[in-house]
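Presented below is the structure to which this report refers.
The values are calculated or read from the model by the stated rules, or taken from the named source; none is laboratory data. These numbers were taken from a predicted model, which means no experiment stands behind them. Cβ atoms come from the backbone with ideal geometry, glycine included; neighbour counts cover every protein chain shown. Accessible surface is based on the protein model in full, side chains and every heavy atom, while ligands, DNA and RNA are left aside. Shrake-Rupley method; radii C 1.70, N 1.55, O 1.52, S 1.80 Å.
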Amino acid sequence: MENALQNQLDNVKSFSEFKPKDEFNINLDFDGKIYLGNNYYYNLINVWQPDVILNFANAPVRVDITNPVKNDVNIFYISHKAKNVVIENLKLYVYLNCPINFNKITAICNTAVGVKIRNCHIEIISENATNLTGIINLGNQSTLLSDKGDNLIAEKNFINIKIINRSKNISSVCGFNNNFANSILVKDNFIYTYNIGYGKNQTSTGIYTDGKFGRFINNNIKANGSHNTGNETQQAFTYGFINDGSYNFLEGNNIVGEWGGQCIGLENKGGYAKVSGNKILSTHTIKGRSIRNYSQCSLFYGNIITSTSRNPRLFEQNGSYCIFNNNLLEGLQGTEIYKSSVGIYAAEESATGNIIFNNIIKNVCDCGIFMHKNTGKVKDNLFITYPDCTQFKEISTVADLKLLNKLNEANIKSVY
């Protein structure tokens, strides 16, 4: 079948606006493919020309994939030659009802510098287990110099990515994936991911980045694992946001990991991060970590950090030389629901040289701050708990073996 949209795009000139007016229905039967890294990628729509505006306000794009997928697939592929391209007002609907596979299906794959993706509506729905990504921005190598995918702006987009049937096969769902590209801006987006599965091999992630100097501002991010009762560890794992890069700013976001066997709001592994003014939640899970930090030299301040987990660690600190201040931490369950609960957990030897001050820690029943002896300076924190939590300790250390054992993750079991 002739690809009418591709034919029109091939005739677009640089420094012009392309504004189609017809709906496009595209299938997977085509011959083009691009070699990236060690894999062949099937690209349904290729964008090659630099400095063009692609305005799809009057032209929705629908893609049905029912045949077996043998390679990774990009619905839109932006070549590294297509610098400064703008894709706006795109309505892209992808539906998969093909056999279970381990390939990646991506709505938009960008490898060009200075691209803008704005006000787009992107949906991928798969009946069976696979690996799905809304937008992937490929830098391909970690460097402080200019690289592919740098300076991307993604703003005011709606991204909805789902696997809707259960499978024990490995599968991952990700709303936005930034691969080593630097200096990007991701703001004012709604990102929702959903995966249904049996455990850690099935994951749902809102945003992932390992690039440098990124800014992530005012996004509404929800990663869902489909298990709304939150009482089993044998469910899909969810991550609202994973930061693996350095010097990234997260400001004013609503970040949620929900409905899974393990739910993490923010997983921070990247050094020199600034995390401020966010609302971060881990909910409907037996194993909730609102923030889990492994990085060094990062700042966390002015955040609202909550959880409905049965075993919440509102802030788990495994990193060093971080400052954690002026945050509100609150457990949202009652005493009859908790199996264990702690506000700040910093029990590992790696958690050294930190400063923890001026935080409010509410409604956890076991301990406000549980730490290693070398965690750092801890002062001027306010602790509030339920009246019936008579064994509650504001601050304790790993020398308290009874409390150490109760808070041990190995003891977290499903509740039937």
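Details
- In the stretch 287-300, the residues that are over 15 Å from Tyr345 (Cβ atoms) and either polar (S, T, N, Q) or more than 20 Å from the chain's Cα centre (by Cα) (or both): Ser295, Gln296, Cys297, Ser298
- The set of residues in the stretch 246-266 that are of a type in the set (Phe, Trp, Tyr) and either farther than 15 Å from Gly302 by Cα or surrounded by 24 or more Cβ atoms within 10 Å (Cβ to Cβ) (or both) comprises Tyr247, Trp259.
- For the stretch 58-87, the tally of residues that are more than 18 Å from Leu28 (Cα to Cα) and surrounded by fewer than 21 Cβ atoms within 10 Å (Cβ to Cβ) stands at 8.
- Residue within the stretch 266-287 that is hydrophobic (A, V, I, L, M, F, W, C), part of a loop (DSSP other than H, G, I, E, B) and closer than 21 Å to Gly225 by Cβ present: yes
- Flag for Phe370 being open to solvent by 40 Å² or more (accessible area, probe 1.4 Å), of a type outside the set (Ser, Thr, Tyr) and under 17 Å from Asn327 (Cα atoms): no
- Screening the candidates Gly134, Gly197, Gly175 for the property of being outside any strand (DSSP E or B) and either open to solvent by 20 Å² or more (accessible area, probe 1.4 Å) or touching a residue at least 12 places away in the same chain (Cβ under 8 Å) (or both) yields one hit, Gly197.
- Residue that is modelled with pLDDT of 95 or more and more than 26 Å from the chain's Cα centre (by Cα), where the choices are Glu316, Glu336, Glu330, Glu394: Glu394
Conditions tested, residue by residue: (1) in contact with a Ser or Thr (Cβ under 9 Å, 6 or more places away or on another chain); (2) surrounded by 21 or more Cβ atoms within 10 Å (Cβ to Cβ); (3) not acidic (Asp, Glu).
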site	(1), (2), (3)
Lys269	yes, no, yes
Ala273	yes, yes, yes
Thr283	yes, yes, yes
Ile291	yes, yes, yes
Cys297	yes, no, yes
Tyr301	yes, no, yes
Ile304	no, no, yes
Thr308	yes, no, yes
Arg313	yes, yes, yes
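- Residue in the stretch 320-342 that is among the acidic types (Asp, Glu), more than 28 Å from Val256 (Cβ to Cβ), open to solvent by 20 Å² or more (accessible area, probe 1.4 Å) and in a loop (DSSP other than H, G, I, E, B) present: no
- Residues of the stretch 163-172 that are closer than 13 Å to Ile125 by Cα and in a loop (DSSP other than H, G, I, E, B): Ile164, Asn165.
- Subset of the stretch 244-255 that is in a strand (DSSP E or B) and without any contact (Cβ under 8 Å) to a residue 40 or more places away in the chain - its residue that is nearest to Ser290 (Cα to Cα): Asn254
- Some residue of the stretch 103-124 being in a loop (DSSP other than H, G, I, E, B), surrounded by 24 or more Cβ atoms within 10 Å (Cβ to Cβ) and under 18 Å from the mean Cα position of the chain (by Cα): no
- Residue within the stretch 272-285 that is within 20 Å of Thr397 (Cβ to Cβ) and at pLDDT 95 or above present: no
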